[in-house]
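Reading through the structure tokens given below for one structure.
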Amino acid sequence: SPAIPRALCCCASAATRCGRRWRGAGGACAAASAAAGAASSVPRDAALRAQYLQALGIEQWQLRRAPPLSGAWQQLAAEVRGCVRCGLHATRTQTVFGVGNLSAELLVVGEAPGADEDRQGEPFVGRAGQLLNSMLRAMRAPRDTVYIANLLKCRPPANRDPAAEEVACCQPYLQRQIELLGPRLMLAVGRIAAQNLLATDTPIGKLRGVVHRYGASGTPLIVTYHPAYLLRSPTEKRKSWVDLRLVCGELARLRALPRSA
Ligand code: URA
């Protein structure tokens, strides 16, 4: 069975015993990994951070903010912000549009914002988001190089599953994001995202391991488990790592083709 990187590898007992889980970079540069961890939102000792950054020769460090959207992206974001197409607008704190690199090759699609995302207005910023970040780093595709969005732009109350009509109302927004981004590859995380994007009720276990095609554009799409599920079932991370390696392999293959192919 494949070796899984340190970033993803953590047994449940270690997870409960040790507060340092998910912080490894899965590889090459321990100092960079530690500095990244120190630079994350997890509270860490500022002196230790300074020490790591100094060791890396970094004199100034500040959080990278996404540049403001313009043109069609800005227009779409404004449309989403004002959306009242379904009942979720009444209970949301704010919409959660999507985040990331507008030239990304990889589009990650999740289900819907949770409480943290609803509060902060950004997808995957809670515990599941921390694990997603580790998964992305393990693929050497860190968060700021990909684009991340959800099927739904508003939080379903009490994190219930999205209703079919909510998905239908929100679908044009994700569709437009896909058109504007033109990703080489999509990664659907979790059963709800996978089944809705592929318009199927096939169980997620059966959707893994192959490259599907999404919609009319035929964008290649790979399915893996939702990081929230992996937090509950850490032994499934091994399977998820197999999926992520498929993503890496497929991206490498697609990179060799012209972008529009
Ligand atoms: N789960 C999701 O599917 N999306 C988020 O943004 C957060 C948690």
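Could you please let me know if residue 128 is surrounded by 21 or more Cβ atoms within 10 Å (Cβ to Cβ), part of a loop (DSSP other than H, G, I, E, B) and of a type in the set (A, V, I, L, M, F, W, C)?
Numbers: surrounded by 21 or more Cβ atoms within 10 Å (Cβ to Cβ): yes; part of a loop (DSSP other than H, G, I, E, B): no; of a type in the set (A, V, I, L, M, F, W, C): yes.
Against the criterion (surrounded by 21 or more Cβ atoms within 10 Å (Cβ to Cβ), part of a loop (DSSP other than H, G, I, E, B) and of a type in the set (A, V, I, L, M, F, W, C)), residue 128 does not qualify.
So is residue 59 more than 10 Å from residue 154 (Cα to Cα) and more than 25 Å from the chain's Cα centre (by Cα) or not?
Working: more than 10 Å from residue 154 (Cα to Cα): yes; more than 25 Å from the chain's Cα centre (by Cα): yes.
In short, yes.
Only one residue in 207, 181 is within 18 Å of residue 246 (Cβ to Cβ) and aliphatic (A, V, I, L, M). Which one?
After ruling out the rest, the residue left standing is 207.
Just to be sure before I move on: is residue 137 assigned to a helix (DSSP H, G or I), basic (Lys, Arg) and either farther than 19 Å from residue 162 by Cβ or free of Cβ contacts under 8 Å to residues at least 40 places away in the same chain (or both) in the structure I sent? Before you say what the answer is, go through the steps one by one.
Working: assigned to a helix (DSSP H, G or I): yes; basic (Lys, Arg): yes; either farther than 19 Å from residue 162 by Cβ or free of Cβ contacts under 8 Å to residues at least 40 places away in the same chain (or both): yes.
So residue 137 passes the test.
What helices (runs of 4 or more DSSP H) lie completely within segment 144-261 and have 3 or more residues being out of contact with any His (no Cβ under 7 Å at 6 or more places or on another chain) and either crowded, with 22+ Cβ neighbours inside 10 Å or among the acidic types (Asp, Glu) (or both)?
On the way: elements: 164-181, 191-197, 204-207, 227-232, 237-255.
Because the criterion is at least 3 residues that are out of contact with any His (no Cβ under 7 Å at 6 or more places or on another chain) and either crowded, with 22+ Cβ neighbours inside 10 Å or among the acidic types (Asp, Glu) (or both), the helices (runs of 4 or more DSSP H) in segment 144-261 that meet it are 164-181, 191-197, 237-255.
Looking at 133, 196, 159, can you tell me which residue is among the polar types (S, T, N, Q), within 14 Å of the ligand (Cβ to nearest atom) and under 11 Å from the mean Cα position of the chain (by Cα)? Outline the logic, then answer.
Details: 196 fails: under 11 Å from the mean Cα position of the chain (by Cα); 159 fails: under 11 Å from the mean Cα position of the chain (by Cα).
Testing whether each residue is among the polar types (S, T, N, Q), within 14 Å of the ligand (Cβ to nearest atom) and under 11 Å from the mean Cα position of the chain (by Cα) leaves just 133.
Within segment 80-124, count every residue that is free of Cβ contacts under 8 Å to residues at least 60 places away in the same chain and β-branched (Val, Ile, Thr).
Summing the residues that are free of Cβ contacts under 8 Å to residues at least 60 places away in the same chain and β-branched (Val, Ile, Thr) in segment 80-124 gives 4.
Do any helices (runs of 4 or more DSSP H) lying entirely in segment 1-113 carry at least 1 residues that are exposed (fewer than 12 other Cβ atoms within 10 Å of the Cβ) and at pLDDT 65 or above, and which ones are they? Break it down stepwise before answering.
On the way: elements: 12-17, 30-39, 46-55, 71-81.
The helices (runs of 4 or more DSSP H) meeting that bar are 46-55, 71-81.
Could you please find all residues in segment 88-123 being more than 9 Å from the ligand (Cβ to nearest atom) and within 16 Å of residue 67 (Cα to Cα)?
97, 98, 99, 100, 101, 102, 103, 104, 121, listed by residue number.
The values are calculated or read from the model by the stated rules, or taken from the named source; none is laboratory data. None of these values were measured; they are calculated from a predicted model. Glycine also receives a Cβ, built like all others from the backbone with ideal geometry; neighbour counts cover every protein chain displayed.
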